[in-house]
Amino acid sequence: MTWSLWWIWMVGALALAILEVLAPAQIFLGFAAGAAGVGLGLLIGIPGLSTSLPFALVVFGILSLIAWIAIRRMVGVREGQVKVWDRDINED
């Protein structure tokens, strides 16, 4: 049961964080936070987390979604960030 070892989840979180640096899409960071949350939960001994893989995956999914929503609100598309072209330079 390697999935019940806390350090496996932390290594996965680190790998996902590195992947976020290499391919910035702000989605891998949410998954990294979810994996880190499950790793911390296993480290402190949350009941049921180390005995049930489906429960651990549900917790991972919920934490990842919450982290992704928080990250999206903090660094999402800002007002005026998208440039709208109203004139073509080749028309003159």
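Just to confirm the number: angle between the C-alpha axis of helix 53-75 and the first principal axis of the chain, 0 to 90 degrees, nearest 10?
For helix 53-75, the angle is close to 30 degrees.
Highest first, please rank the peptides 49-56, 26-33 by the mean number of other Cβ atoms sitting within 10 Å of their residues.
Values: 49-56: 14.1, 26-33: 19.6.
Highest-to-lowest ranking by the protection proxy: 26-33, 49-56.
To the nearest 500 deg cm²/dmol, what mean residue ellipticity at 222 nm is calculated for the chain from DSSP H runs of n ≥ 4 alone, each contributing -39,500 (n - 2.57), summed and divided by the residues?
On the way: 3 runs with 57 residues, N = 92.
Theoretical 222 nm ellipticity from helices: -21000 deg cm²/dmol.
Per residue of the stretch 42-51, in order, report the coupling 6.51 cos²θ - 1.76 cosθ + 1.60 (Karplus, θ = phi - 60°) as ³J(HN,Hα) in whole Hz, putting x for Gly and Pro.
Computed from phi, the couplings for the stretch 42-51 are 5, 5, 7, x, 5, x, x, 6, 8, 9 Hz.
Taking the chain as the region of interest, what is the percent of Cα-Cα pairs per 10 angstrom bin, listed from the shortest bin to the one with the maximum distance?
Result returned by the calculation: 17, 37, 22, 11, 8, 5, 2, 0.
Taken together, the values in this text are just the output of simple stated rules run on the coordinates, not laboratory data. Just so we're clear, the structure is a prediction, and the values are computed from it rather than from any experiment. Using ideal geometry, Cβ is built from the backbone for each residue, glycine included, and neighbour counts are taken over all protein chains shown.
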